[in-house]
Amino acid sequence: MNDNLREQLALLPDYFQGHLVLTLIALSMGIVISIPLGIWAAQSRRVKGPLLTIVSIVQTFPSVAILALVVALLGGQIGLVPAITALVLYSMLPIVRNTVTGLETVSSDVVEAARGIGMSANQILTRVRLPLALPVIIAGIRTATVWTVGLATLSTLVGATSFGNYIFTGLQTRNLVAVVVGSLAAASMAVLLDAIIGGLQWLVENRNNSVDSPRYRRTRLAVAAGLVATFSVSAYSLLPEPEADYVVGGKGFTEQYIIAGLISAELEAAGYRVDQRLGLGTEVVYEATANGTVDVYLEYSGTVWANRMDRNDNPGRLEVLEQVEDFVQRNDGMVSAGALGFQNLYALAMTRERATELGISSIDDMVSVAPDLVAAGDLEFFGRPEWITLRDTYNIDFAEKLTFDTALMYTAVAEGQVDLITAYTSDGRVAAYDLLIIDDPRNAFLPYDGMVLASPEAAQDGDFMRIMATLIGKISDTDMRQANRIVDVDGGSVSEAVDYLQAVVHGQ
């Protein structure tokens, strides 16, 4: 077994427990909410149409959008609560629909016979219609279970531990072993839970004819054992654990994972217990740090300048940094521990061969041919103010603007699938793929100093801030580029890149 696989398997128990807890809590809440709603809809035509329409519309919303909306409505809170809320909403459609369908397919003759022997409406519902509809309702729960297991992988984006930690980290760091382990683990959990619920469905369907058969008894025992094991693991996961002293946040790309790992390593070396919440969106991690859910993370001066301060001018690197540090403290109570020493600028980049072919060395050179070019950006760029500033400064636009995962974006330009990308200047893949950074003579792109932002509470801790101060100004552009290269180009692990930066920081 190679070291990479061993490292991924070591993470499996924590990720398994996190994913299972998310799934079971969300599914249980979905059942408790959806079955009564389905019963109500089956008994009232005025309720049925609007209810089914609403749960169907919720299902059409992109899952990532639902997560983002839930986080926003909860005031930037991350972790289990927004993840479970979103998963409950997604689990409702098949359960509500199957509850309605199951109740409506009960034979009217059976209902009339029950009414004829004097049963009340509630007795008919609880003793006749629901028992007969139960197999169909359970089929809806099976569908909801598989959906929930799959969608729970996205919970990583809002700071909840799941198999998505494998998948998102693996995609960003080009670690296919992590992606495969996470995908297989999620698929295995879906199959296992589906088998348990399928067994329960078979027991319900055959409860009148086969209750004394050996197969029925074996199935009942297997289902009972599966349910006990599943809920026991979940209960164990919910037992109180020592609370982390600090929560280190990070966005969803390699550099963020590395710096989060570096900060965590420094805190752990000082004897603190640390938890990491990685793969968060820019707005999510900013709000989470402002409200104290996250204690510290790596931010970029240009991101705050453009996205939070709504500024599109460029007074220079030092001025931007100073105003950003003042803004985050004055408006959100966060404190900048300082800049780490490197910048991670946005820049347009092409393969050297393609740039030479088109005669491009600056963005000014690109303007005339831009309508024939295909550009690719990361998941955020074309929705960010930086793109608007670039577009308006040069009066430039492209034939197509495609959005890629960061790791795939570099591969796309290297293989000629797109003409140019919005690269990061601290990314080791710029040199590895022989990309040419296109000059920006009008300074449309803002400075992007990497700065350590601390939550209001963490900033009041003198020991914490002293540890952060040991990192400030210690990491150059070259150092950060090399750390990124270790992971993105050389195939090393994030921990290897962290070790490299620790040696740089401590002068080893």
How far apart, in nm, are two points set 7 Å out from the Cα along the Cα-to-Cβ line at residue 10 and at residue 46?
6.3
Rounded if a/c is under 1.5, else prolate if a/b is larger than b/c, else oblate: which is segment 3-237, with a ≥ b ≥ c the root eigenvalues of its Cα gyration tensor?
oblate
Estimated vicinal HN-Hα couplings, Hz - segment 308-313 in sequence order (Karplus 6.51, -1.76, 1.60; Gly, Pro = x)
9, 8, 6, 9, 10, 8
Using the Kirkwood formula over every pair of different C-alpha atoms, what hydrodynamic radius in Å results for segment 1-124?
17.4
Based on a Kirkwood Rh over C-alpha pairs, give the Stokes-Einstein translational diffusion coefficient of segment 346-437 at 10 °C and viscosity 1.306 mPa s in µm²/s.
122
Peptides 150-163, 278-291, 173-186, 388-401 ordered by average Cβ neighbours within 10 Å, highest first
150-163, 278-291, 173-186, 388-401
What order, most packed first, do the peptides 63-74, 301-312 have when packing is the mean number of other Cβ atoms within 10 Å of each residue?
301-312, 63-74
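Provide the percentage of antiparallel DSSP beta bridges, counting only those with both residues in segment 346-437; round to the nearest 5. Please list the in-between numbers first.
Working: 7 of 13 bridges.
Among the beta bridges of segment 346-437, antiparallel pairing accounts for roughly 55 percent.
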With a sphere of radius 13 Å drawn around the Cβ of residue 135, what net charge do the other residues whose Cβ falls strictly inside it have (Lys, Arg +1; Asp, Glu -1)?
+2
Distance between modelled label sites at residue 362 and residue 283, nm, 7 Å Cα→Cβ extension:
3.6
May I ask what percent, to the nearest 5, of DSSP beta bridges between residues of the chain are antiparallel?
55
Mind listing the long-range amide H neighbours of residue 439? Cut-off is under 5 Å, sequence gap 5 or more, other chains count too, H placed in the peptide plane at 1.01 Å from N.
362, 363
Rounded to the nearest 500 deg cm²/dmol, what is the calculated helix-only ellipticity per residue at 222 nm for the chain, with -39500 (n - 2.57) per DSSP H run of length n ≥ 4?
-19000 deg cm²/dmol
A chain fully extended from residue 101 to residue 195 at 0.36 nm per residue, minus the present Cα-Cα distance, gains in nm 31.6 nm
Could you work out the relative contact order of segment 346-437, using alpha carbon pairs under 8 angstrom and six or more residues apart, expressed as a whole percent?
46
Figure the gain on full extension for residue 65 and residue 391 (residue separation times 0.36 nm, minus the Cα-Cα span) and round it to one decimal in nm.
114.7 nm
Cβ-Cβ FRET estimate between residue 244 and residue 318, R0 fixed at 41 Å, reported to 0.05:
0.75
Per-residue Cβ neighbour rank within 10 angstrom, fewest leading, 294, 452
452, 294
To the nearest 0.05, how large is the calculated FRET efficiency for residue 231 and residue 127 if R₀ is 35 Å and r is the Cβ-Cβ distance?
0.80
Segment 72-128-segment 147-208 distance, computed between alpha-carbon centres (Å):
24
In segment 125-142, whose amide N lies under 19 Å from the spot 7 Å out along Cα-to-Cβ of residue 113? List them in ranges.
125-135
If packing is taken as the average count of other Cβ atoms within 10 Å, what order do 324-330, 94-100, 43-49, 14-20 fall into, highest mean first?
94-100, 14-20, 324-330, 43-49
Indicate the helices, whole DSSP H runs only, in the chain that combine a mean Kyte-Doolittle hydropathy of -1.0 or more with a Cα extent along their long axis of 27 angstrom or more.
3-43, 80-104, 130-151, 176-205, 214-237
How about residue 474: which lysines have a C-alpha closer than 29 Å to its C-alpha, ignoring those fewer than 8 places off in the same chain?
251
Gain on full stretching of the segment that runs from residue 273 to residue 218 - 0.36 nm per residue minus C-alpha separation
15.2 nm
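All of the numbers you see were taken from the coordinates with simple rules; none came from a lab. The structure displayed is predicted, hence computed values, not measured ones. Quick reminder, even Gly has a Cβ in these numbers, built from the backbone with ideal geometry, and neighbours come from all protein chains shown.
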